[in-house]
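What follows is one structure encoded as structure tokens, with my remarks underneath.
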Amino acid sequence: MIIQVTFFENLKLYYMDFDLVLVALVIITLYDGALTGILFGFVVGMVLDLMTGSIVGISPLIYAVSAFIVSRLSEIDFKQRLPAYTFIIFLITEINILLMSMMRYLFNFNINMGGLGLELLLKPIYNIILMLIIYPVLRIEFAKKKEFGI
């Protein structure tokens, strides 16, 4: 989360918007289940809102809903393979962007439609690239966890 706030926020200046929390949320939900993912999303979203100074409560709600959607998608018998994870990251990123934009619109924030369109095109690609970097590391950690029966 600290990496998200310090490093990835600076990349927004170059129009590169990674969402490390969302990618980690999807992977954790797929491996540890719905309850863990929803709790992780809520707690991390609350801390993220408090750290960034945005409206408190929007991120926890959206991350918890995203974890719920991921858990429902995993029950459809997605094979635990990279193309399925890539599709889930793409879909959840799009849903996350649309929910965040709707919530900000409800709180009377201006929405830049051109910026929203650009974000809908580029952010899923950046998150998929981030998932391709993070996925092998987390897969090894979850394999160790499964091996030791934790």
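Structural remarks
- Residue list for the stretch 35-93, restricted to those being part of a loop (DSSP other than H, G, I, E, B) and at negative phi: S54, I55, V56, E75, I76, F78, K79, Q80, R81
- Odd one out for Y14 among (1) modelled with pLDDT of 90 or more; (2) within 17 Å of N127 (Cα to Cα): (1)
One line per residue, one yes/no per condition, for (1) exposed (fewer than 13 other Cβ atoms within 10 Å of the Cβ); (2) within 21 Å of I128 (Cβ to Cβ); (3) at pLDDT 85 or above:
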residue	(1), (2), (3)
Q4	no, yes, no
E9	no, yes, no
G33	no, no, yes
M46	no, no, yes
P60	no, no, yes
I88	no, yes, yes
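- Count of the stretch 102-142 residues which are in contact with an Asp or Glu (Cβ under 8 Å, 6 or more places away or on another chain) and either over 14 Å from V26 (Cα atoms) or in a loop (DSSP other than H, G, I, E, B) (or both): 5
Here's the yes/no breakdown for (1) in contact (Cβ under 8 Å) with a residue 40 or more places away in the chain; (2) under 12 Å from the mean Cα position of the chain (by Cα); (3) surrounded by 15 or more Cβ atoms within 10 Å (Cβ to Cβ):
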site: L50; (1), (2), (3): no, no, no
site: V70; (1), (2), (3): yes, yes, yes
site: S74; (1), (2), (3): yes, no, yes
site: T93; (1), (2), (3): yes, yes, yes
site: S101; (1), (2), (3): no, no, yes
site: R104; (1), (2), (3): yes, no, yes
site: N108; (1), (2), (3): no, no, no
site: A143; (1), (2), (3): no, no, no
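- Filter result for L120 (within 17 Å of the chain's Cα centre (by Cα) and over 22 Å from V56 (Cα atoms)): yes
The values are calculated or read from the model by the stated rules, or taken from the named source; none is laboratory data. It should be emphasised that the depicted structure is a prediction, and the values quoted were computed from it without experimental measurement. Every residue, glycine as well, gets a Cβ built from its backbone with ideal geometry; the counts of neighbours run over all protein chains shown.
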